[in-house]
Structures are given as C-alpha cells and as structure tokens.
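Notes to accompany the following structure.
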Amino acid sequence: MAIRVQTQDFDLGAEVAALRNGQAQVGAVVAFVGTVRDMNEGSGVSEMELEHYPGMTEKALEDIVAQANERWSIIDALVIHRVGPLQPLDQIVLVAVTSAHRGEAFQACEFIMDYLKTQAPFWKKEVTPQGARWVDARVTDDEALAKWGIQSGNSGG
C-alpha cells in the first residue's frame, strides 16, 4: 500500500504497471484519476491550488487505505494526491486498487475516493474571474461517504 503527496504529475500507465508488477493473484485493477475542471459552481476556473499539512495528510491517507483493506479483500492500493498550483486538465489524484475480483476493487476504490473527498486534510482554492475562493465540502460528498456508514458533518449533510 503506497501513499504519495507530491507536486509533480504522475503517469497512470506506469503507476498501474508498478502496482501490478509480479502479482499473479491480481484479477482486477480499478483506477480513478481526478482532474482539474475549468468550471465549478457556475464560474470559470483558471487555476486550483491545493494545500495540505505534511505528515498529517499522509497519515490520514494511510488510515483511509487501511479502512478499505479491512472492509474488502484487496491485494494492494495506491493513492497519489498532488498539491500546489494546478491548471485545468491537470491530474489531481490517482486511486488504484488491485484485488482478485472486480467487485472488491471497484468498491474499495470508490470508498477511498469518497472518504478522501471529505476526510483527508486538503484545502482547495480556485481562481475564478470573480477572484480566488476556497472550495467547501459538498453535501453530495458527505452523502457519498454516508453510504459507507460514515458521517462526516463537513457540510451539514
């Protein structure tokens, strides 16, 4: 299980190949890549900046993956989350999960992303034509986490 918080981009193909390397028991690989959109809440977005607390953020990501590992029979998982200034089309996050069967890989990947969106200590600031603004947690993100039996309370959801 690998966790990386970094400023540099990542290569999806290379990361998935490394995750699978030499693991003949892997029957499924599910990967999610999140990217910067050029629009959010009705405004154009020219840049997004992600901040974090080093050490605390990695620990939170490790906890997320550990919870997924307790819930499903996964073989391995990788979470890469970028920080710093990002432009539309840039990759923000990669969550990749391997397991013997697709169901566990899909569920674990979705769980990690749902948890990451509400519980991981990242702060996003968008630059729009109206100026810079911090992005709050969304009720829909809290609702997605709730389906796993976890209440975040970030946005009153």
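The values are calculated or read from the model by the stated rules, or taken from the named source; none is laboratory data. All values reported here derive from a predicted model rather than from experimental measurement. Cβ coordinates were reconstructed from backbone atoms using ideal geometry, including for glycine residues, and neighbour counts include every protein chain displayed. Note: areas computed on protein heavy atoms with side chains; ligands, DNA, RNA excluded. Shrake-Rupley method; radii C 1.70, N 1.55, O 1.52, S 1.80 Å.
Once Rg and the Kirkwood radius are both taken over the C-alpha atoms of the stretch 2-146, their ratio Rg/Rh works out to 0.98. For the set Y115, Y53, the ranking by accessible area, highest first and with no ligand, DNA or RNA atoms included, is Y53, Y115 under a 1.4 Å probe. Just to verify a number: FRET efficiency for E49 and Q23, C-beta to C-beta distance, R0 = 30 Å, to 0.05? Efficiency at R0 = 30 Å is approximately 0.25. Mean sequence separation of contacting Cα pairs (under 8 Å, at least six apart), scaled by the length of the stretch 2-146, corresponds to a relative contact order of 33 percent. Surface composition of the chain: carbon and sulfur make up 49 percent of the accessible area, probe 1.4 Å. Each of A68, P129, G44 was placed along the dipole of the chain (beta-carbon charges, centred on the mean Cα), and the one lying farthest toward the positive end is A68. Mean-square fluctuations from a GNM of the chain, with a 10 angstrom spring cutoff on Cα atoms, peak among D38, D76, D11 at D11. Looking at the stretch 27-78, the trypsin sites (Lys or Arg not before Pro) that sit in a DSSP loop and have at most 15 other Cβ atoms within 10 Å of their own Cβ are R37. Amide H contacts for G27 (H built 1.01 Å from N in the peptide plane; partners 5 or more residues away or on another chain; cut-off under 5 Å): S99, A100, H101.
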